[in-house]
Amino acid sequence: MPTLIPAPSVVEAAGNKPKIVREFVGRVNSDTTGVSIAQMQSPAGWIEPGQRPEFDEYTLVLRGMLRVTSENGSIDVQPGQAVLASSGEWVQYSTPDPDGAEYVAVCVPAFSPQLVHRDE
């Protein structure tokens, strides 16, 4: 029988401004370690510390623009577009546009503070 996930857990986010993270699937909300799925709402001007995670992160932008910066440059991801940041690759996420952004992030394996390796 399929398992209904009736509501997400809101988890704390890193960055210079408050960001809403609603984890539907993952270590916090469903005790799932293989994958995490979270809906993000980031305000205008939000930027998080760089990171070199031990997971692949697939991100689908629903509204606004998400900037993904790597050691090789930046990609501006628009609504209806997705981006993959591979495990071990240094990345930094930001939402510089005036309206911020809404997006869905899928991490394989599931996101955890121990696996993200944020810059100090």
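A quick yes/no check of all residues on (1) under 13 Å from VAL104 (Cα atoms); (2) over 12 Å from the mean Cα position of the chain (by Cα); (3) of a type in the set (Gly, Ala, Ser); (4) at pLDDT 95 or above:
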residue: SER30; (1), (2), (3), (4): no, yes, yes, yes
residue: GLY34; (1), (2), (3), (4): no, yes, yes, yes
residue: PRO53; (1), (2), (3), (4): no, no, no, yes
residue: ARG63; (1), (2), (3), (4): yes, yes, no, yes
residue: VAL68; (1), (2), (3), (4): no, no, no, yes
residue: GLN78; (1), (2), (3), (4): yes, yes, no, yes
residue: SER87; (1), (2), (3), (4): no, yes, yes, yes
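Kindly evaluate GLU12 against the criterion of being free of Cβ contacts under 8 Å to residues at least 60 places away in the same chain, touching a Cys at 6+ places or on another chain (Cβ under 8 Å) and on the phi < 0 side of the Ramachandran plot.
Answer is no for this residue.
From the set of residues in segment 34-62 that are in a strand (DSSP E or B) and aromatic (Phe, Trp, Tyr), which is surrounded by the most Cβ atoms within 10 Å (Cβ to Cβ)?
TRP46
Restricting to segment 63-96, what's the tally of residues that are within 19 Å of LEU115 (Cα to Cα), among the aliphatic types (A, V, I, L, M) and buried (at least 18 other Cβ atoms within 10 Å of the Cβ)?
3
Which numbered condition in (1) in contact (Cβ under 8 Å) with a residue 12 or more places away in the chain; (2) over 15 Å from the mean Cα position of the chain (by Cα) is the only one that SER74 fails?
(1)
Can you tell me which residue is nearest to the chain's Cα centre (by Cα) among those in segment 1-21 that are within 20 Å of GLN51 (Cβ to Cβ) and in a strand (DSSP E or B)?
Among those residues, the one meeting the criterion is VAL21.
Report the residue count in segment 106-120 for those that are open to solvent by 40 Å² or more (accessible area, probe 1.4 Å) and in a helix (DSSP H, G or I).
2
Kindly provide the set of residues from segment 8-19 that are aliphatic (A, V, I, L, M) and open to solvent by less than 70 Å² (accessible area, probe 1.4 Å), ordered by number.
Correct list: VAL11, ALA13, ALA14.
Every residue in segment 25-70 that is among the acidic types (Asp, Glu) and either within 19 Å of SER94 (Cα to Cα) or out of contact with any His (no Cβ under 8 Å at 6 or more places or on another chain) (or both), please.
ASP31, GLU48, ASP56, GLU57, listed by residue number.
Any idea which of ASP99, ASP31 is open to solvent by 20 Å² or more (accessible area, probe 1.4 Å), in a loop (DSSP other than H, G, I, E, B) and either in contact (Cβ under 8 Å) with a residue 40 or more places away in the chain or among the small types (Gly, Ala, Ser) (or both)?
Step by step, each of ASP99, ASP31 is checked, and only ASP99 is open to solvent by 20 Å² or more (accessible area, probe 1.4 Å), in a loop (DSSP other than H, G, I, E, B) and either in contact (Cβ under 8 Å) with a residue 40 or more places away in the chain or among the small types (Gly, Ala, Ser) (or both).
The values are calculated or read from the model by the stated rules, or taken from the named source; none is laboratory data. Just so it is clear, the structure is predicted and the values come from calculations on it, not from any experiment. So basically every Cβ, Gly included, is an ideal-geometry build from the backbone, and we count neighbours across all protein chains shown. Areas reflect the complete protein model, heavy atoms only, side chains present, ligands, DNA and RNA absent. Shrake-Rupley method; radii C 1.70, N 1.55, O 1.52, S 1.80 Å.
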